[in-house]
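*Asks:* Would you mind keeping the following structure in view while I ask a few things?
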Amino acid sequence: MVVTLSCDVRDSDGESLEEGTLVSYLHGGYGGIFPKVESALQGQEVGHVLDLSLDPADAFGDYDAELLRVEPRKKFPETLEVGMRFEGVPGEEDEEALIYTVTDVTPEAVVVDGNHPLAGERLIFHATVKEVRKATEEELEEGQAAEDLGITAAEARN
């Protein structure tokens, strides 16, 4: 099944991180949404309202200080600002590639963080089920909802 949700996500202080975002995912363990959310939505229908508290382990994981790195400034482009993101490999294996966010820039060094910006945060997840439909063969083969495949939900239903 493909489930479409209207989601509001807040941090533990109640500050809005996302509001009214539509999310469609392939239900059934395909990794398109947090497992705790997917489990709570099992068997639910359109109109169901879900309120969950997601500990870091249920969302983006704990903050890992080992993913904070200081690199020589010369390894980066001349134009560089805090908040820019780069793909990098922390170890020797290409499968370990992470997205690093620049958190500080000095004339000699650049500090980059490979943690997700919400790592270590408890999240308040509120969602309403907007649509539940049978997944297409293409969605099942690709393991993701049509919207992630570049087609609309209406096209997928036809």
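*Asks:* For residue 53, work out the one condition from (1) under 30 Å from residue 137 (Cβ atoms); (2) modelled with pLDDT of 95 or more; (3) part of a strand (DSSP E or B); (4) hydroxyl-bearing (Ser, Thr, Tyr) it doesn't fulfil.
*Replies:* (1)
Here's the yes/no breakdown for (1) within 18 Å of the chain's Cα centre (by Cα); (2) among the aliphatic types (A, V, I, L, M); (3) assigned by TED's automatic domain parsing to the domain that holds residue 128:
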| position | (1), (2), (3) |
| --- | --- |
| 10 | yes, no, yes |
| 13 | no, no, yes |
| 22 | yes, yes, yes |
| 28 | yes, no, yes |
| 42 | no, no, yes |
| 73 | no, no, no |
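*Asks:* What about residue 118, is it at pLDDT 90 or above, within 20 Å of residue 23 (Cβ to Cβ) and out of contact with any helix residue (DSSP H, G or I) (no Cβ under 7 Å at 6 or more places or on another chain)?
*Replies:* yes
*Asks:* Something else: Identify, by number, the condition in (1) in contact (Cβ under 8 Å) with a residue 60 or more places away in the chain; (2) part of a helix (DSSP H, G or I); (3) out of contact with any strand residue (DSSP E or B) (no Cβ under 9 Å at 6 or more places or on another chain) that residue 39 doesn't meet.
*Replies:* In the conditions (1) in contact (Cβ under 8 Å) with a residue 60 or more places away in the chain; (2) part of a helix (DSSP H, G or I); (3) out of contact with any strand residue (DSSP E or B) (no Cβ under 9 Å at 6 or more places or on another chain), residue 39 misses (1) alone.
*Asks:* Against the conditions (1) part of a loop (DSSP other than H, G, I, E, B); (2) surrounded by 13 or more Cβ atoms within 10 Å (Cβ to Cβ); (3) in contact with a Lys or Arg (Cβ under 7 Å, 6 or more places away or on another chain), where does residue 17 fall short? Just the number, please.
*Replies:* Of the numbered conditions (1) part of a loop (DSSP other than H, G, I, E, B); (2) surrounded by 13 or more Cβ atoms within 10 Å (Cβ to Cβ); (3) in contact with a Lys or Arg (Cβ under 7 Å, 6 or more places away or on another chain), the odd one out for residue 17 is (1).
The values are calculated or read from the model by the stated rules, or taken from the named source; none is laboratory data. These numbers come from a predicted model, not from an experiment. Cβ atoms come from the backbone with ideal geometry, glycine included; neighbour counts cover every protein chain shown.
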